[in-house]
1. Looking at region 72-104 only, could you name the residues that are surrounded by 12 or more Cβ atoms within 10 Å (Cβ to Cβ) and among the hydroxyl-bearing types (Ser, Thr, Tyr)?
2. I need every pair where a residue in region 73-85 that is over 14 Å from residue 104 (Cα atoms) has its Cβ under 9 Å from the Cβ of a residue that is of a type in the set (A, V, I, L, M) and at pLDDT below 80, sequence separation at least 6 or different chains.
3. How many of the residues in region 34-44 are closer than 12 Å to residue 13 by Cα and surrounded by fewer than 18 Cβ atoms within 10 Å (Cβ to Cβ)?
4. Counting only residues that are at pLDDT 80 or above, give me the helices (runs of 4 or more DSSP H) lying completely in the chain with at least 3 of them.
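The values are calculated or read from the model by the stated rules, or taken from the named source; none is laboratory data. Since this is a predicted model, take the numbers as computed values, not measurements. Heads up, the Cβs are rebuilt from the backbone with ideal geometry, glycines too, and the neighbour counts pull from every protein chain shown.
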Amino acid sequence: MIRKYTDEFKLSVVQDYYHSTLGVRAIAAKYNLPSKYEAILIIEFQFPILLLCEISGISKSAYYRYKKKPLKPISTIEDKVFDIYNKSGKHAGYRTIRDILRHK
């Protein structure tokens, strides 16, 4: 399942990509996209995929593997771990989180 973006958002990404010398990584960071793969997904119909993959430094096969992979839903254990981590002021390490989860 691929995330859906509005046409206006896609247009702004394409315009930024066209006018930017920094490449796909900078576009992904600017628009808070999870990865450079996500940035390529947005503009793949405006530019050749091979060119976008070369610019971003990934292989074409890695991009297509990412594109076919379904989005993984966040499990309840991951949700609990994030909750404990955030409640600790982002200071709890894996041992602390493990101990808290064992004692619940």
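1. Hits for region 72-104 are 85, 88, 96.
2. 82/74
3. First, the residues of region 34-44 that are closer than 12 Å to residue 13 by Cα: 38-44.
Cutting the leftovers down to surrounded by fewer than 18 Cβ atoms within 10 Å (Cβ to Cβ) gives us 44.
Residues meeting the conditions: 1.
4. 36-43, 49-56, 60-68, 76-87, 94-103
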